[in-house]
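What follows is a set of notes on a single structure, which appears directly below.
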Amino acid sequence: MSAVPTHAEIIGHLQKEVSPSRLNLFLQCRLKFWFRYIAGLIKPKTAALHVGSAVHSVLKAWNKARWKSHPLALKELYDEFSKVWAEDPVQWEPGEEDDEKKTGWRLVETYIRESKIPESLKPDAVEVSVEADLHQHGLPKLIGILDLVQSGTIVDYKTSSQTPNAEKVAHTNEVQTSSYAVLYREATGKREQGIELHHLVKLKNPKLVITTLEPMSEQQQTRLFHLMEAYVDGLDRRDFIPSPGLQCMSCEFFNECRQWS
Ligand code: SF4
């Protein structure tokens, strides 16, 4: 049996490679990062997260089927949705699950109807794991998974409860979109045609909002690399202080954080 890694060993590993979600969490709140990635605290999945991951899994199945040139009919998609819904169950409040399941399925239907992606159009890549060795910049290895690459454009799926504002989502998702651009360029040797954020919005009448972004600029890549430097330096200093703010309202480590000193 292997020994449980020490915190120092975990931190050492985290400094060697980083994903956009890890980097984002570190930048959002370093104490939350510590609870999740170093202390390894596991919290029950929320309903919103469950809906988002079920929708994401079905869209992955839909894209993979297009990639194999065997597109899935709506009934097959619903069967796939029901299957992934039943995995990794959530502790539902009475009556909550049916409503959430209907919401999730309506998001999938909305996407298939409104994305207008022809079933016959073969994706370049679906859910592909990519990494970029950035040691020549003195940075950790960057790792990530691209949801979809279609005609040279990187596509990332999101679910949200509010209609996104184009400029704000471009800014708030920049760590992720720039990371994906670096990974895409490393994997293909080419510059991406562009980046699209596909937001499925959970309204009474769900809708799809597509935000189209230009290819990553040099300035954006420099910003990403500076943020990665700050991540490595912060881990070196064991800088895991809390960042109290609006994000605390939905933080799963709220109670643990209140004990911090
Ligand atoms: S409650 Fe706020 S400050 Fe505390 S860990 Fe969570 S996000 Fe950070």
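The values are calculated or read from the model by the stated rules, or taken from the named source; none is laboratory data. Since we're looking at a predicted model, the values are computed, not measured. Neighbour counts run over all protein chains shown; Cβ positions are idealised from the backbone, glycine included.
The set of residues in region 240-261 being more than 9 Å from the ligand (Cβ to nearest atom) and either touching a residue at least 60 places away in the same chain (Cβ under 8 Å) or hydroxyl-bearing (Ser, Thr, Tyr) (or both) consists of Phe240, Ser261.
Within region 172-186, one or more residues are without any contact (Cβ under 8 Å) to a residue 40 or more places away in the chain and within 16 Å of the ligand (Cβ to nearest atom). With respect to being among the charged types (D, E, K, R) and within 12 Å of the ligand (Cβ to nearest atom), Arg30 fits the description.
The residues of region 58-99 that are under 21 Å from the mean Cα position of the chain (by Cα) and of a type in the set (A, V, I, L, M), listed by number, are Val58, Leu59, Ala61, Val84, Val90.
If only one of Ser129, Ser178 is buried (at least 19 other Cβ atoms within 10 Å of the Cβ), modelled with pLDDT of 95 or more and of a type in the set (Gly, Ala, Ser), which one is it? That would be Ser178, the only listed residue that is buried (at least 19 other Cβ atoms within 10 Å of the Cβ), modelled with pLDDT of 95 or more and of a type in the set (Gly, Ala, Ser). The residues in region 187-207 that are farther than 13 Å from Gln220 by Cβ and either touching a residue at least 60 places away in the same chain (Cβ under 8 Å) or not in a strand (DSSP E or B) (or both) can be counted, and the count is 13.
Checked against (1) hydroxyl-bearing (Ser, Thr, Tyr); (2) touching a strand residue (DSSP E or B) at 6+ places or on another chain (Cβ under 8 Å); (3) outside any helix (DSSP H, G or I), Thr110 passes all but condition (3). Here Gln136 fits the description: outside any strand (DSSP E or B), more than 16 Å from the chain's Cα centre (by Cα) and of a type in the set (S, T, N, Q).
Taking first residues from region 42-60 that are touching a residue at least 60 places away in the same chain (Cβ under 8 Å) and in a helix (DSSP H, G or I) and partners that are surrounded by 15 or more Cβ atoms within 10 Å (Cβ to Cβ) and small (Gly, Ala, Ser), the Cβ contacts under 6 Å between residues at least 6 apart in sequence or on separate chains come to Val51/Gly104; Val55/Gly104.
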